[in-house]
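Comments concern the structure below.
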Amino acid sequence: MSVPYKMKFGVFMAPFHRVGENPTLALERDLELIQWLDTLGFDEAYIGEHHSAGWETIASPEVFMATAAERTRSIRLGSGVVSLPYHHPYMVANRFVQLDHLTRGRVILGVGPGALASDALMLGIKPENQRAMMDESLGIIMRLMTETDPISYKSDWFELNEAVIQLRPYQYPTVPVAVASVESPAGVTTAGKHGAAVLSLSVPRDTIRRTSLMELWEIAEETAAEHGKEVRREDWGIVMGMHLADSKKQAFEDIREGSARVVTEYFGRTLGNPVPDVPREQIVDFMVDNNQWIVGTPDDAIAGIERLQEISGGFGKFMIRVEDWAPRDKLHRSYELLARYVMPRFQGSLIGIETSNQWAAERIEVLQANRFAGLKAATDTYDAARARN
């Protein structure tokens, strides 16, 4: 198993907001959360693109990212994801290179084929073509961001005639690229082909062929080797739902109703996906028992991440799938607990502190004797001075 010395932590924000909620306020709360994550020291935040179904309401990741960049200092902002079949690749490359300059290099281009069948239907895109379109588009985008010679290319859905993007990427050698891997090996295959990073759901929901995380990474490595590219485990992000509280019981109760709403009302009733065959109030227990979510205390989070490291063979980024399933204060508290007590365990920041603490504890008798000796010397000096006066 390959585990990085310093794991990165971030979020994957679709976002999910229940129908009936004030959409303007929901967007503001999403931005507020990104600000809080920046304060807590999170490394990355990925923002989704969706156009239908009522729950996932950010249509342009770039617009949201530009706004978030003005309100934050250091957190890197990625698209999670730009659905490439929906856009001309020249425009995607242009927008992200511009955003790369505006943020002084805090941008990541996350791409995918498009997750919602309703989006593809509205745009007249055949689902069976989406993954091939993503691969074709990404190839052109990578060339536009790395090559300076004019590019001419004719596809059955877009065309380039001696195209060059005027601004070159702010980051060297180019804007980092990540490919989403959700329900099939297509994502890791595309990532391997182009030498891009991978963003994977922790437990793939492949309804056609069940593929493990370890198998998916092997596909990425094999494909990269075939195309003379490299994929690195430290750039591999695992996305998973998580909620933490000061006690395990409290964590479960915090999201028991909210998580049931997300699963039954959105993924089930709206999207038509299978839902757990358990009573509504037991959905959170089912998801945790089946390793779909991590819910509990910081110690449960540490154990859960370590378990994911074992079954995947090692990854470099842990990404929380943002859920609007509890009151604001409890959601913010969950991220704070992760930053205070979980992240340090995987980033090496406690090594010196723990070593120093143990060193002092092992020498407690000597140190106490020295302390009393110092106090006695100061007292004796004071008494002698008073006696002379």
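Taken together, the values in this text are just the output of simple stated rules run on the coordinates, not laboratory data. Quick caveat, the model's predicted, so the values are computed rather than measured. So basically every Cβ, Gly included, is an ideal-geometry build from the backbone, and we count neighbours across all protein chains shown.
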>> List the residues, sorted by chain then number, that are 5 or more residues from residue 181 or on another chain and whose placed amide H is less than 5 Å from its amide H.
In response: 199, 200, 201
> How far, in nm, would the chain grow between residue 59 and residue 270 when pulled straight, counting 0.36 nm per residue and subtracting the alpha carbon separation?
Replying inline: 74.1 nm
> Once both axes come from the Cα atoms, what is the angle between helix 351-362 and the longest principal axis of the chain, in degrees from 0 to 90, rounded to 10?
Replying inline: 20 degrees
> Taking every pair of alpha-carbon atoms in the chain, what share in percent sits in each 20 Å bin, from 0 to the bin with the longest distance?
Replying inline: 25, 53, 14, 6, 2, 0
>> As an exercise, use a Förster radius of 25 Å and the Cβ-Cβ distance of residue 359 and residue 299 to find the FRET efficiency, rounded to the nearest 0.05.
In response: 0.50
>> Test of understanding: ordering 388, 340, 95 by Cβ neighbours within 10 Å, fewest first, what list do you get?
In response: 388, 340, 95
> How much length is gained if the chain between residue 366 and residue 104 is pulled fully straight, taking 0.36 nm per residue apart and subtracting their Cα-Cα distance, in nm to one decimal?
Replying inline: 89.1 nm
> Using the beta-carbon distance between residue 156 and residue 277 and R0 = 51 Å, what value does 1/(1 + (r/R0)^6) give for FRET efficiency, to the nearest 0.05?
Replying inline: 0.75
> In the chain, what percentage of the DSSP-assigned beta bridges are antiparallel, given to the nearest 5?
Replying inline: 10 percent
> Computed FRET efficiency, Cβ-Cβ of residue 22 and residue 246, R0 30 Å: what is it to the nearest 0.05?
Replying inline: 0.50
> Taking amide hydrogens as modeled 1.01 Å from N in the peptide plane, which residues meet the under 5 Å criterion relative to residue 242, leaving out close sequence neighbours?
Replying inline: 294, 321
> So, with +1 on the Cβ of K and R and -1 on the Cβ of D and E, and no other charges, what is the size of the charge dipole of segment 8-346 about its Cα centre, to the nearest 20 debye?
Replying inline: 400 debye
> Quick one: Cα centre-to-centre distance for segment 228-293 and segment 41-103, in angstrom?
Replying inline: 24 Å
> With the dipole of segment 110-203 worked out from charges on the C-beta (+1 for Lys and Arg, -1 for Asp and Glu) around the Cα centre, which of 146, 134, 163 lies farthest toward the positive end?
Replying inline: 146
>> Under a Cβ-only charge scheme (Lys and Arg +1, Asp and Glu -1), can you give me the dipole magnitude of segment 240-389 about the Cα centre, in debye to the nearest 20?
In response: 600 debye
> How large is ³J(HN,Hα) for each residue in segment 215-228, as worked out from phi by the Karplus curve 6.51 cos²θ - 1.76 cosθ + 1.60 (θ = phi - 60°), to whole Hz, x for Gly and Pro?
Replying inline: 5, 4, 5, 4, 5, 4, 5, 5, 5, 4, 4, 5, 10, x
>> Run through segment 230-272 and list the GluC sites (Glu not before Pro) located in a DSSP loop whose Cβ has at most 13 other Cβ atoms within 10 Å.
In response: 230
> Can you list, largest first and rounded to whole Å, the semi-axes you get for segment 64-168 by taking the square root of 5 times each eigenvalue of its Cα gyration tensor?
Replying inline: 24, 20, 9
> Taking amide H positions as placed 1.01 Å from N in the peptide plane, with prolines and chain starts having none, which residues 5 or more places from residue 107, or on another chain, fall under 5 Å of its amide H?
Replying inline: 77
> Whole-Hz Karplus ³J(HN,Hα) for segment 124-130, in order, using 6.51 cos²θ - 1.76 cosθ + 1.60 and θ = phi - 60°, x for Gly and Pro?
Replying inline: x, 9, 6, x, 5, 9, 4
